1. Scan the stretch 117-146 and report the pairs whose first residue is at positive phi and whose second residue is assigned to a loop (DSSP other than H, G, I, E, B) and open to solvent by 60 Å² or more (accessible area, probe 1.4 Å), with Cβ atoms within less than 7 Å and a gap of 6+ or a chain change.
2. Could you pull out the residue among 179, 144, 109 that is modelled with pLDDT of 95 or more, of a type in the set (D, E, K, R) and within 19 Å of the chain's Cα centre (by Cα)?
3. Could you please give the count of residues in the stretch 6-61 that are modelled with pLDDT of 95 or more, outside any strand (DSSP E or B) and open to solvent by 30 Å² or more (accessible area, probe 1.4 Å)?
4. List pairs: first in the stretch 92-103 and more than 6 Å from the ligand (Cβ to nearest atom), second hydroxyl-bearing (Ser, Thr, Tyr), Cβ under 8 Å, 6+ apart or cross-chain?
5. State whether the residues of the stretch 83-95 include one that is exposed (fewer than 12 other Cβ atoms within 10 Å of the Cβ) and either within 26 Å of residue 186 (Cβ to Cβ) or out of contact with any strand residue (DSSP E or B) (no Cβ under 9 Å at 6 or more places or on another chain) (or both).
6. Restricting attention to the stretch 193-210, does a residue exist that is more than 27 Å from residue 29 (Cβ to Cβ), touching a residue at least 40 places away in the same chain (Cβ under 8 Å), touching a strand residue (DSSP E or B) at 6+ places or on another chain (Cβ under 8 Å) and away from the ligand (no atom under 16 Å from the Cβ)?
7. Return yes or no: is residue 89 in a loop (DSSP other than H, G, I, E, B), modelled with pLDDT of 95 or more, closer than 27 Å to residue 153 by Cα and of a type outside the set (Gly, Ala, Ser)?
8. Please specify each residue of the stretch 192-221 satisfying the condition of being in contact with an Asp or Glu (Cβ under 7 Å, 6 or more places away or on another chain), crowded, with 20+ Cβ neighbours inside 10 Å and of a type in the set (A, V, I, L, M).
Amino acid sequence: MQKQKLKYEGKAKRVFESDRPGLAVIEYKDDATAFNARKKGTVKGKGRVNNLMTAHLYPLLEQAGVPTHFVELLGETEQAVHMLSIVPVEVIVRNVAAGSFAARLGLNEGVPLDSPVIEYCYKSDELGDPLVSDNTPVAMGWAEPGVLAEIRRLSLLANDFLIGYLADRDIRLIDIKFEFGLLPDGSVVLADEISPDTSRLWDAASAEKLDKDRFRRDLGGVEDAYQQILTRVLT
Ligand code: 5GP
């Protein structure tokens with residue numbers, strides 16, 4: 001499979017057209033940004049970790065009943081995916097209070113939630129991905145009601161699967177961001193990636209942060225944390 005024209009370059013990935021109709025190639029970069037790109041840096045090996053972790057988890061999620069855009073691994077930092085029409089909504093599922101949720105509600109990070117909290121954000125770099133209410137995606141025409149219901153169902157199913165899979169590897173899934181898209185036949189599939197960039201992952205015993213918060217908060221040991229997550233996830 002051959003990469004062709006660059007279609008889109010994001011903060012952490014490049015997306016290329018390919019010589020196979022309906023398929024694209026995603027190249028994962030080591031570039032890291034935080035706080036709506038006001039903080040920029042590089043995390044050596046991050047592109048490889050995020051690519052290999054996503055390529056490992058997406059087939060497992062498919063077996064668990066969550067369709068994904070993943071097609072095949074092409075190399076250490078590249079994978080083939082189905083081209084989608086992306087729904088411009090980020091879905092955050094939270095199992096434990098942390099980050100913006102903890103700040104908004106004045107909670108200490110680490111307080112477990114009685115049931116998973118789902119939040120929707122509008123995907124917009126200019127606006128900084130603002131939080132929106134549950135019915136805004138339908139009211140704004142970003143997703144049909146049936147599509148939003150399916151996105152919600154798949155987000156909870158994926159979260160459930162990942163909690164167990166990661167717990168078996170001594171990782172606590174604190175929260176995670178999902179993105180979805182539509183295939184040409186209208187079916188909803190999980191897009192984007194699952195990685196320490198897009199989730200909070202704490203060591204189950206020590207509560208050590210093994211995710212992008214190490215970069216965001218200048219905690220050091222960012223590369224090691226990403227490698228450790230990949231090693232555990234592949235085990
Ligand atoms: P928070 O809203 O607490 O900052 O983030 C909640 C979860 O969603 C975290 O796991 C965070 O990594 C992820 N997340 C939310 N928005 C983004 C985003 O724009 N980019 C990335 N990489 N992750 C995000």
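1. Partner pairs satisfying both residue conditions: 128/36; 129/123.
2. Details: 144 fails: within 19 Å of the chain's Cα centre (by Cα); 109 fails: within 19 Å of the chain's Cα centre (by Cα).
Just one listed residue meets the conditions, 179.
3. 10
4. 93/155
5. yes
6. Let us first name the residues in the stretch 193-210 that are more than 27 Å from residue 29 (Cβ to Cβ), namely 204-207.
Then keep just the ones that are touching a residue at least 40 places away in the same chain (Cβ under 8 Å); that gives 207.
From the residues that got through so far, the ones that are touching a strand residue (DSSP E or B) at 6+ places or on another chain (Cβ under 8 Å) too are 207.
If we keep only those that are away from the ligand (no atom under 16 Å from the Cβ) as well, we get none.
Looking through the stretch 193-210, none of the residues is more than 27 Å from residue 29 (Cβ to Cβ), touching a residue at least 40 places away in the same chain (Cβ under 8 Å), touching a strand residue (DSSP E or B) at 6+ places or on another chain (Cβ under 8 Å) and away from the ligand (no atom under 16 Å from the Cβ).
7. Details: in a loop (DSSP other than H, G, I, E, B): no; modelled with pLDDT of 95 or more: yes; closer than 27 Å to residue 153 by Cα: yes; of a type outside the set (Gly, Ala, Ser): yes.
Here the answer is no, as residue 89 does not meet what is asked.
8. Within the stretch 192-221, 201, 210 qualify.
The values are calculated or read from the model by the stated rules, or taken from the named source; none is laboratory data. As the structure is a computational prediction, the values presented were derived from the model and not from experiment. Ideal geometry is used to build each Cβ from the backbone, glycine not excepted, and the neighbour counts take in all protein chains shown. The protein model used for the area step is the full one, side chains on, heavy atoms only, and it has no ligands, DNA or RNA in it. Shrake-Rupley method; radii C 1.70, N 1.55, O 1.52, S 1.80 Å.
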